[in-house]
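Student: So that we are looking at the same thing, I have put the structure below in structure tokens.
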Amino acid sequence: MSAEDVEKSSSEAVKGLKGIIAADSSICLVNGTIGKLLYRGYNIDDLAENATFEDVSFLLLNGELPTATQLAAYQAELKQYRSIPPELIDALKKLPVSAPPMALLRSITSLAGVYDPNAEIETFENRLQISIKLISQIPTIVAAIHRVRQGLEPVEPDPELCHAGNFMYMINGEKPSEDATRAMDLILTLHAEHGLNASTFTGRVIIATLPDIYSAVTGAIGALKGKLHGGANTEVLKTLFEIGSVENVAPYVKKVREAKGKFMGFGHAVYQVEDPRAKHLKELSRRLGEETGEPKWYEMSIEMEKLVYEEIKRNCNVDFYSASLQHYMGIPGDLFTCIFAASRIAGWCAHILEQLDGNKIIRPKANYIGYDERPVIPVTER
Ligand SMILES: CC(=O)SCCNC(=O)CCNC(=O)[C@H](O)C(C)(C)COP(=O)(O)OP(=O)(O)OC[C@H]1O[C@@H](n2cnc3c(N)ncnc32)[C@H](O)[C@@H]1OP(=O)(O)O
Ligand SMILES: O=C([O-])CC(=O)C(=O)O
């Protein structure tokens, strides 16, 4: 067998790289068989109850939960970075406001790299600082997108507020209640990390070629935007709006089934059982449904979860109850994926730093199924 034939007769491609081990990582364990999720050894349920996003993002970046002194220093660093360069706001104002918020976030994050004089410095310390800066500034960019597209001025960050509280404040322009702050903090905590998901893997592939961190994060945002990944939460709210009432859920599920369509917010590449994050979002959605006197979005979600499971034996994923929950929080549906990005930035940066430690360029191989070698025929004879 010639070397060329060996190239051609390699084994079959694994679609979606499902189950392929592509890295060693100590950041996150996702056990899809029993529905267990650990960030650096800490169970997501424990973190949801007992940690804030500041704790969790520090943990993801540094490997350990912060001591009180470390936490105070980290919070101060995050606060110090919150304001973004005015050039980014000016650029945002010139972009079409009708563009999807994730497209705006992708573009402004890329531009943030252009305005960062340290973007190209290749030391661990500098890359860690840029990671902290991005964890701090993505919420500022997201909130600015939300304001500018409504014709409003962005709200300056408030150093008195915690990360989640300030994020809500920059979105709404009003100091959030403790409950609203806690709800945003929970959303940020639950979405922060999930192993080698599509956007994180994208970020690792990009950083492995040794560009700057902004390049990797911009690519990760692009991957998260897709509706099979982070974009699903926006699609879930569209579905709930389309359905409109609990009575309409059953006919909707039947219609999608007959058309062999997808149920957004259901199924998962790893979990074969319930997504361990969903119950937290579900409970908060229930509570806010009661408190707002508009339980129907939660009730429709409950009905849909039951009927979709009966039809396709797939559980809901993290994107499903985050839709009704964020709707109750007054966040518009097309901003949901940006909120996801404001959380997952912590996981992306942890993976980017881990990839750079003992880096190897990521270069898998395609199973070539194209033509054998053939001559170029002159254009007049084709
Ligand atoms: C944060 C996140 O990224 S969580 C995921 C967010 N995405 C969504 O909610 C979109 C809807 N869900 C899906 O499209 C899928 O379940 C994915 C992309 C999440 C996972 O895909 P896979 O790893 O291929 O899952 P799985 O092996 O279970 O899928 C096999 C088949 O089951 C069926 N299936 C899986 N999920 C669904 C669903 N939500 N609705 C209808 N059928 C489904 C499909 O027939 C699918 O084959 P297809 O992708 O060729 O149509
Ligand atoms: O892990 C995945 O495939 C999808 C993801 O990012 C998540 O569930 O949070």
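Student: Could you go through segment 165-182 and let me know if any residue there is closer than 18 Å to Leu71 by Cα, acidic (Asp, Glu), surrounded by fewer than 21 Cβ atoms within 10 Å (Cβ to Cβ) and out of contact with any Leu (no Cβ under 6 Å at 6 or more places or on another chain).
Tutor: Scanning segment 165-182 turns up no residue that is closer than 18 Å to Leu71 by Cα, acidic (Asp, Glu), surrounded by fewer than 21 Cβ atoms within 10 Å (Cβ to Cβ) and out of contact with any Leu (no Cβ under 6 Å at 6 or more places or on another chain).
Student: Can you tell me which residues in segment 304-349 are hydroxyl-bearing (Ser, Thr, Tyr) and either near ligand 1 (Cβ under 9 Å from one of its atoms) or closer than 15 Å to Leu240 by Cα (or both)?
Tutor: Listed by number, the residues that qualify are Tyr321, Ser322, Ser324, Tyr328.
Student: Oh, and also: Can you tell me how many residues within segment 215-226 are farther than 28 Å from Met168 by Cβ and within 12 Å of ligand 1 (Cβ to nearest atom)?
Tutor: Adding up the residues that qualify gives 0.
Student: Out of (1) away from ligand 1 (no atom under 11 Å from the Cβ); (2) among the charged types (D, E, K, R); (3) within 12 Å of the chain's Cα centre (by Cα), what's the single condition that is false for Asp212?
Tutor: Looking at each condition in turn, Asp212 falls short on (3).
Student: Same structure, new question: Search segment 217-235 for residues being closer than 22 Å to Leu60 by Cβ and surrounded by fewer than 24 Cβ atoms within 10 Å (Cβ to Cβ), and hand back the single one that is nearest to ligand 2 (Cβ to nearest atom). Give the steps one after another, and end with the answer.
Tutor: Filtering segment 217-235 for residues closer than 22 Å to Leu60 by Cβ gives 217-225, 229-230, 233.
Within this subset, residues satisfying the condition of being surrounded by fewer than 24 Cβ atoms within 10 Å (Cβ to Cβ) are 218-219, 222-223, 225, 229.
Values: Thr218: 17, Gly219: 15, Gly222: 14, Ala223: 10, Lys225: 13, His229: 6 Å.
By that ranking, first place goes to His229.
Quick grid of which residues meet (1) away from ligand 2 (no atom under 13 Å from the Cβ); (2) in contact (Cβ under 8 Å) with a residue 40 or more places away in the chain; (3) not polar (S, T, N, Q):
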site	(1), (2), (3)
Val270	no, yes, yes
Lys279	yes, no, yes
Ser285	yes, yes, no
Lys296	yes, yes, yes
Glu299	yes, yes, yes
Glu303	yes, yes, yes
Glu311	yes, yes, yes
Asn317	no, yes, no
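Student: Among residues belonging to segment 254-299 that are more than 9 Å from ligand 1 (Cβ to nearest atom) and of a type in the set (Gly, Ala, Ser), point out the one that is surrounded by the fewest Cβ atoms within 10 Å (Cβ to Cβ).
Tutor: Gly293
Student: Is it fair to say Lys238 is more than 30 Å from Gln137 (Cβ to Cβ), more than 16 Å from ligand 2 (Cβ to nearest atom) and among the charged types (D, E, K, R)?
Tutor: No, not satisfied.
Student: While we're looking at this one, here's another question. Go through (1) touching a strand residue (DSSP E or B) at 6+ places or on another chain (Cβ under 9 Å); (2) surrounded by 15 or more Cβ atoms within 10 Å (Cβ to Cβ) for Pro101 and report which single condition fails.
Tutor: Every listed condition holds for Pro101 apart from (1).
Student: Do we find that Asp90 is farther than 28 Å from Glu235 by Cβ, out of contact with any helix residue (DSSP H, G or I) (no Cβ under 6 Å at 6 or more places or on another chain) and touching a residue at least 60 places away in the same chain (Cβ under 8 Å) in this structure?
Tutor: No: the conditions fail for Asp90.
Student: Would you mind stating whether Gly289 is among the small types (Gly, Ala, Ser), in the same structural domain as Tyr321 (by TED's automatic domain parsing), under 17 Å from Asn233 (Cα atoms) and at pLDDT 95 or above?
Tutor: Criteria not met by Gly289.
Student: Here are some residues: Phe336, Phe340. Which one is under 23 Å from Leu29 (Cβ atoms), buried (at least 24 other Cβ atoms within 10 Å of the Cβ) and not β-branched (Val, Ile, Thr)?
Tutor: Among Phe336, Phe340, only Phe340 is under 23 Å from Leu29 (Cβ atoms), buried (at least 24 other Cβ atoms within 10 Å of the Cβ) and not β-branched (Val, Ile, Thr).
Student: Something else: Against the condition assigned by TED's automatic domain parsing to the domain that holds Arg149, more than 16 Å from ligand 1 (Cβ to nearest atom) and in contact (Cβ under 8 Å) with a residue 40 or more places away in the chain, how does Ala48 come out, does it pass?
Tutor: yes
Student: Please work out which residue is nearest to ligand 2 (Cβ to nearest atom), limiting yourself to segment 185-216 and to residues that are part of a loop (DSSP other than H, G, I, E, B) and under 21 Å from Glu54 (Cα atoms).
Tutor: Looking at the filtered set, the residue picked out is His194.
The values are calculated or read from the model by the stated rules, or taken from the named source; none is laboratory data. Source: prediction; values computed, not measured. Please note: Cβ atoms are built from the backbone with ideal geometry, for glycine as well, and neighbour counts cover all protein chains shown.
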